[in-house]
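See below for the structure under consideration.
The values are calculated or read from the model by the stated rules, or taken from the named source; none is laboratory data. Here the structure is a predicted model, which means the values were calculated and not measured. With ideal geometry, Cβ positions are generated from the backbone for all residues, glycine too; neighbour counts draw on all protein chains shown.
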Amino acid sequence: MSGILRRCVALLTASALIGSLASAPAAADDFSRVDRDPVAGSSLVLSDGDETDTALFSLRVADEDSVRAYALDVDEELRPRTAYVESAWADRPEWTRAGSTAAPADRANWIVTNSYPNLDLADLATAFDAADLEEAHAIAATQAALWNVLEGVELDPDNNNEDVLALYGRLVEGSADAEGDATARSLEVSPAQVEAVAPEEPLGPLTVSTPSEAPMRLSVNGAPASWLVDEEGREVSEAFDGDQVFLDVDPSVPAGVATLHVRGDRVPLEEGRLFTGREGVRTQPLITAEAGSATSSTTATFTWRREEAVEAPEATEPETAEPEVPEARGQSSPEPTVEEEVTTPETDDHNNSEGGLAFTGTWLSGLLVIAGALVVSGLLILVLGRKRRD
């Protein structure tokens, strides 16, 4: 018997594994890493007295391309060899919510656009009137300004380098009036999900958005007998910026879920893009501090299902109440005849003596079910016993 149980468990386990593999989304094969030792900046003394280091990181965003980037969270640790992916600023509502000044994400975008290394040291020194500005000071000031607009971190005015304090103050002040939209990624598909009930036309559209002039490669997984098509219904395998994509589903597939994969190489990557840990891995989020080009990808989902038939409620005949005959004042009700005699409820003679259920058809059915179960159990015991003797 234990052998039979082991085979059943193995079969169930294999089925569950196959189902999970079939339903799991394909992992993206493009990601970024912090690939070299960072350039150290000056240490900073914060307003609470804590001292912290600063650095300018190198983020590999393609096979042979890297861009430099700053940290965004003063308290988060950067995990070595962690895979990074480009993310939407909108995923961090605390950084995209505008208040009395520009949204923190837009302010951070302005800071990296107007500071080092997007501007070299000579241009930065001229723009901010800092003749003796050093690279370590520029890195520290830029990092401090980012922490200020995103995390509210303040510097100790008495225990930091003067050039750092001067550049930090100008960056924070200048970013207060930042304009623009820092939430867009280098490659996006919108909407991210399309749903339909019993579609007669191709599902969509999904619109591809990218600053690249080159086409993005398209593929679809998860749905048999389905094709990606354009507005004219022609099958497509690539799309340019602004193109609309549809999913043409064979009518023989009444319901399903399909994932659209969009991928591009050497996609222009502007400064101010947000990178976070792949698949939600917790690590130091980074912001790109200069422009470059990246291998980018994104996904969207098509979902469709059959139309559910709505069953009409069964018509029931309205109950008609018998009219009541008003009783004349001063007259008593007539005695009921034999035909009209009202039967009284039966006593508990038909109930079990323990106060349980009445001896009804339901109770009898329960006995029959129990008896059937005992018979089946006995047969199983006989069969298993015979197998053991064999």
Modelled with pLDDT of 90 or more, of a type in the set (A, V, I, L, M) and either outside any helix (DSSP H, G or I) or exposed (fewer than 14 other Cβ atoms within 10 Å of the Cβ) (or both), is that true of Leu56? yes
Within region 85-117, restricting attention to residues that are surrounded by 17 or more Cβ atoms within 10 Å (Cβ to Cβ) and out of contact with any Leu (no Cβ under 9 Å at 6 or more places or on another chain), which residue is nearest to Gln284 (Cα to Cα)? Val85
Where Leu247 falls short, out of the listed (1) in a loop (DSSP other than H, G, I, E, B); (2) more than 26 Å from Ala90 (Cα to Cα); (3) within 23 Å of the chain's Cα centre (by Cα): (1)
Counted residues, region 189-204 - those being crowded, with 17+ Cβ neighbours inside 10 Å and under 24 Å from Ser87 (Cβ atoms): 2
Total residues in region 191-211, condition without any contact (Cβ under 8 Å) to a residue 60 or more places away in the chain and under 26 Å from the mean Cα position of the chain (by Cα): 6
Consider Leu124 carefully, then state whether it is surrounded by 13 or more Cβ atoms within 10 Å (Cβ to Cβ), outside any helix (DSSP H, G or I) and either more than 28 Å from the chain's Cα centre (by Cα) or not basic (Lys, Arg) (or both). no
So Ala69, is it closer than 20 Å to Glu179 by Cβ, touching a residue at least 60 places away in the same chain (Cβ under 8 Å) and buried (at least 21 other Cβ atoms within 10 Å of the Cβ): no
Can you give me the number of residues within region 68-86 that are outside any loop (DSSP other than H, G, I, E, B) and either aliphatic (A, V, I, L, M) or over 19 Å from Trp147 (Cα atoms) (or both)? 5
Pair list, Cβ < 6 Å and 6+ apart or interchain, from region 263-288 residues that are farther than 24 Å from Ala145 by Cβ to residues that are among the aromatic types (Phe, Trp, Tyr) and part of a helix (DSSP H, G or I): none
Can you go through Ser226, Ser237, Ser219, Ser212 and tell me which one is touching a Ser or Thr at 6+ places or on another chain (Cβ under 9 Å), surrounded by 17 or more Cβ atoms within 10 Å (Cβ to Cβ) and either within 16 Å of Arg185 (Cα to Cα) or among the hydroxyl-bearing types (Ser, Thr, Tyr) (or both)? Ser212
